[in-house]
Amino acid sequence: MKRIFIVFAIVLKYAIILAFLLMLGVYAVHLLKWSNIASANEKLLGQRAETLVQAGFGFRDLNKNGRLDPYEDSRQPVEVRIENLLHQMSLEEKVALMFIDETDMLSDGSLFEKPKLNETASFSKEINSTLIARKKINHVFISNIYSAESMINWNNNMQAMAERTRLGIPITIASNLKHFVDFNASNLTPIFSRWCAPLGFASINDTLLMREFGEIVRQECLATGIRLILPQTVDSSLDIESQNIIESFGDDPKISSSMTRALIFGLQANELDKSSIAYMAKIQKGYNSQKPWGTNDTLNNRVDLNNYWSYLQSNVSEATKSQFISFDNNIHIQKLENRDDESPRDIIKHFLRDSLKFDGVICSKWGSVTNDKTQNDIPSIDIKSQELIRVENIIEAGYDMIGGESSPSLLIDLINQNKISEDRIVSSCWRILRIKFEQGLFDDPYLDIERFNLLPNHRFRNKGVDTQRKSLVLLKNENNILPLDESKTIFLDGLDRASLSDYRSLMTNIQKADHVILKLNSKLNRINSDSTAHIQGFPFEGKEKEKIMKLLESKSVVTIISLDRPLVNPDIVEKSKAVIADFCSKDQVILDLIYGKYFPSGKLPIELPYFMFTSSKQKLYQASDLTNPIFPIGYGLTYN
């Protein structure tokens with residue numbers, strides 16, 4: 001038996017080595033392929049722009065024709081510059097303006113010209129030169145940000161490559177708000193200050209603080225070349241089953257609109273200029289775009305049309321002060337026939353354009369052409385035909401930009417088939433180019449690494465920690481158990497013990513602790529069926545709940561619930577001695593609250609249902625309509 005085990009171990013060892021060598025061989029073959037692609041892309045690029053001097057001022061000769069064109073002259077009105085550039089652009093260059101897709105960078109700021117062996121997601125991304133040189137894309141989304149220095153280097157490398165294209169159209173670098181940690185810890189960028197989540201800002205409800213946050217985000221993004229924030233939800237969190245509640249400003253439309261207004265003002269002040277960050281405000285799905293999770297009702301049954309339009313009018317009107325709006329409505333591959341007043345086309349044209357007078361850029365749902373698996377696919381139609389119909393429907397609905405996609409060839413095919421006119425494309429290009437010119441990207445898109453010693457900034461970080469304190473909501477405090485006396489010992493469950501080593505009261509043996517500090521995330525328990533998510537009751541059910549309830553019955557427990565969605569388990573709340581709602585605060589900040597180093601002041605920005613089934617009875621776009629919520633909106637205790 002021992003001999004068989006030894007033979008098996010040897011075989012397994014060599015099998016692992018062989019698999020590793022095979023993987024390296026495949027990667028080497030692909031490296032050669034990517035190297036050839038990058039070399040071919042390089043041949044499509046020209047020289048860097050020379051500097052033209054007129055009246056003592058220097059201007060970049062972006063089209064390399066040896067003379068100063070109006071679009072290269074920063075003294076000309078923006079309208080003149082746009083008109084001149086559009087006149088020189090080819091159809092391919094115009095269409096490419098309308099796409100934005102994700103790309104990557106290397107950790108030192110070098111161009112991403114081959115996927116990373118240790119990062120499987122990078123294999124699905126286009127390399128930088130393919131996007132810029134071959135596809136003529138000049139809006140890119142970056143997720144991985146390693147350091148201020150590497151980000152500045154990458155910005156300069158990207159802009160230098162863009163300068164070598166035929167007309168030298170600069171790159172707009174976009175990213176999402178990386179100033180709070182989501183519950184998967186995937187949103188943090190170490191060089192930026194860390195704040196509470198947007199839902200936490202609604203808990204604080206301080207517009208001056210929100211505006212200061214916007215100003216700090218503006219400075220940090222400018223220092224790293226990010227000129228567009230993608231997308232932040234300004235729409236309703238009134239659907240309990242929504243996936244984006246943590247990104248919103250809560251249930252109250254007044255709070256949501258005032259927070260949106262303050263954030264946009266902090267990012268760009270009264271108008272967009274060279275020191276501003278463009279902002280993409282996100283409007284959630286139209287009310288019948290999908291079925292509510294866990295019910296058989298369509299969203300139509302849960303919407304009062306008067307509430308829907310009234311809500312959008314009061315709340316989304318603030319979003320029109322931004323330059324971009326992402327309208328997150330599904331575009332199916334069927335032709336948009338028999339439209340009613342909730343179709344994407346009607347909402348964009350009649351509501352956003354005509355009623356709210358929004359003349360900025362409207363972007364589609366991310367990945368709505370090639371990556372969306374929730375579309376109503378027709379098996380009898382081949383994949384490319386489906387994608388063509390989706391693109392046609394997106395443009396026909398009135399969108400200016402297609403998010404999460406880099407397939408301009410699809411739109412070019414539609415124009416060549418006379419299904420979409422070039423004039424329709426030019427109207428979108430005008431809106432997109434206006435933002436690039438107003439931000440000064442055509443004049444100087446480069447960053448001086450010596451000039452930007454801003455990050456990381458301790459004052460900014462201290463401000464962020466302050467919001468983490470203020471956003472915490474004390475929901476329950478039985479017999480005024482909080483704040484804990486410093487002599488009381490605690491056992492941590494669900495918190496990062498390593499980051500809390502300064503607390504002398506920490507116990508490693510739960511039996512010897514006076515209290516247990518339990519941290520839970522309000523995750524949805526989901527199964528996937530036919531690409532549709534379903535809620536299965538409250539979080540913390542089954543064996544997980546049994547374990548928690550056993551702990552609650554045996555010890556004095558202070559429960560922290562990290563609310564990415566308004567879902568709590570009433571049994572857990574009832575048995576806990578104290579309950580705190582968390583919106584992405586550090587464990588250190590939460591423990592400081594528990595020990596009374598500051599008083600809780602946050603107010604609940606969302607309703608918490610007492611029974612799960614009440615969520616399916618909730619009317620969308622109508623605040624405070626839950627029957628007997630366990631905690632109502634605006635609820636929050638403090639210490640005596």
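The values are calculated or read from the model by the stated rules, or taken from the named source; none is laboratory data. Because the structure is a prediction, the values reported are computed rather than measured. Positions of Cβ are generated from backbone atoms using ideal geometry, with glycine treated the same way; all protein chains shown enter the neighbour counts. Protein only, heavy atoms only, side chains kept; ligands, DNA and RNA dropped before computing areas. Shrake-Rupley method; radii C 1.70, N 1.55, O 1.52, S 1.80 Å.
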Completion exercise
Among (1) modelled with pLDDT of 70 or more; (2) in a loop (DSSP other than H, G, I, E, B), Q511 falls short only on (2)
Fill in the blank from the handout: Sole miss for S150 among (1) at pLDDT below 95; (2) open to solvent by 30 Å² or more (accessible area, probe 1.4 Å) is condition (2)
Practice task
Name the residue, out of Y27, Y14, that is at pLDDT below 80 and surrounded by fewer than 11 Cβ atoms within 10 Å (Cβ to Cβ).
Solution key: Y14
Problem - Candidate set: the range 419-443, residues that are in contact (Cβ under 8 Å) with a residue 12 or more places away in the chain and assigned to a loop (DSSP other than H, G, I, E, B); chosen: the one farthest from A148 (Cα to Cα) - result: K419
Practice task
Please work out which residue is nearest to L563 (Cα to Cα), limiting yourself to the range 155-187 and to residues that are modelled with pLDDT of 95 or more and part of a loop (DSSP other than H, G, I, E, B).
Solution key: I171
Handout entry: Pairs, first within 30 Å of I560 (Cα to Cα) in the range 445-470, second among the hydroxyl-bearing types (S, T, Y), C-beta under 7 Å, six or more apart
Key = N457/S193; F460/S193; R461/S193; K463/S193; G464/S193; Q468/S585; R469/Y598; K470/S601
Problem - Residue match in the range 477-500 (condition: farther than 30 Å from D359 by Cβ, more than 29 Å from the chain's Cα centre (by Cα), among the β-branched types (V, I, T) and surrounded by fewer than 20 Cβ atoms within 10 Å (Cβ to Cβ)) - result: yes
Practice task
Please indicate, with yes or no, whether at least one residue in the range 211-226 is on the phi < 0 side of the Ramachandran plot, surrounded by 19 or more Cβ atoms within 10 Å (Cβ to Cβ) and not in a helix (DSSP H, G or I).
Solution key: yes
Practice task
Scan the range 70-80 for residues that are touching a Lys or Arg at 6+ places or on another chain (Cβ under 9 Å) and either of a type outside the set (V, I, T) or within 16 Å of R48 (Cα to Cα) (or both) and jot them down.
Solution key: P70, Y71, E72, D73, S74, E79
Completion exercise
Heads up, the strands (runs of 3 or more DSSP E) in the range 33-113 (entirely inside) with at least 3 residues that are more than 18 Å from E438 (Cβ to Cβ) are 51-54, 99-103
Problem - Count of the range 598-615 residues which are at pLDDT 95 or above and either assigned to a helix (DSSP H, G or I) or open to solvent by 20 Å² or more (accessible area, probe 1.4 Å) (or both) - result: 4
Handout entry: Cross-chain or 6+ apart pairs with Cβ under 8 Å, the range 345-358 first and touching a residue at least 60 places away in the same chain (Cβ under 8 Å) and assigned to a helix (DSSP H, G or I), then of a type outside the set (D, E, K, R) and open to solvent by less than 90 Å² (accessible area, probe 1.4 Å)
Key = I347/G286; I347/F327; I347/N329
